[in-house]
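Below: one structure, written as structure tokens.
The numbers here are math on the coordinates, done by the rules we state, and not lab data. Just so we're clear, the structure is a prediction, and the values are computed from it rather than from any experiment. Note: ideal-geometry Cβ built from the backbone for every residue, glycine included; neighbour counts use all protein chains shown.
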Amino acid sequence: MRPSDDDADIVLTAFAQEFERRVAQKRKGRAGRSLESVTAFVLDYFDIPCAPAPEHFTTGLEIDNWVADPHGWLVGISCKRTLRERWKQAYTTDMDLLNRHRIKMLWHVVTYTRDLSDAKITEMGSYKARLFLPEETELYKRVSQHPGMTEYVHPLSDFIPSLRAHVRGEDR
């Protein structure tokens with residue numbers, strides 16, 4: 001018997017949390033590649049189709065997966081343990097370039113939050129970023145209550161439901 005979507009979401013969230021615990025014990029490069037592979041597996045598992053990267057996309061952004069909405073806009077998915085290098089890339093991103101390539105948002109799945117500051121989070125949010133953070137962390141609990149950050153800071157458990165809504169054109 002296949003579990004319901006809600007049960008599968010819960011099991012997969014638990015799996016991801018255990019995976020994070022284990023990946024935190026690996027070297028940085030290997031941990032990042034493992035997280036990218038698992039994210040691709042998760043997207044495939046939930047039948048969330050990945051889109052090809054925009055042609056001639058030459059910015060410094062490193063995007064792991066692309067997901068399209070019914071109107072042809074893309075969401076770039078970036079999965080890393082830390083946001084250290086990603087926030088620097090976003091800070092130098094040309095917003096016209098994102099619009100030209102029909103990139104609606106850049107979603108960052110971040111599993112290690114100790115190096116995040118309010119300034120980094122706010123800067124990322126100003127550049128079309130949405131951050132998905134583990135909800136059990138003190139940082140998430142604090143910034144999710146901040147009226148200025150709630151638009152772009154979301155719980156990690158909302159990642160799949162948000163992507164599903166995006167693919168259906170029902171962005172949350």
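General remarks:
- Computed from the C-beta positions of R168 and S126 and an R0 of 22 Å, the FRET efficiency is 0.20 to the nearest 0.05.
- Seen from every direction in turn and averaged, the convex hull around the alpha carbons of region 91-172 projects onto 5.7 nm².
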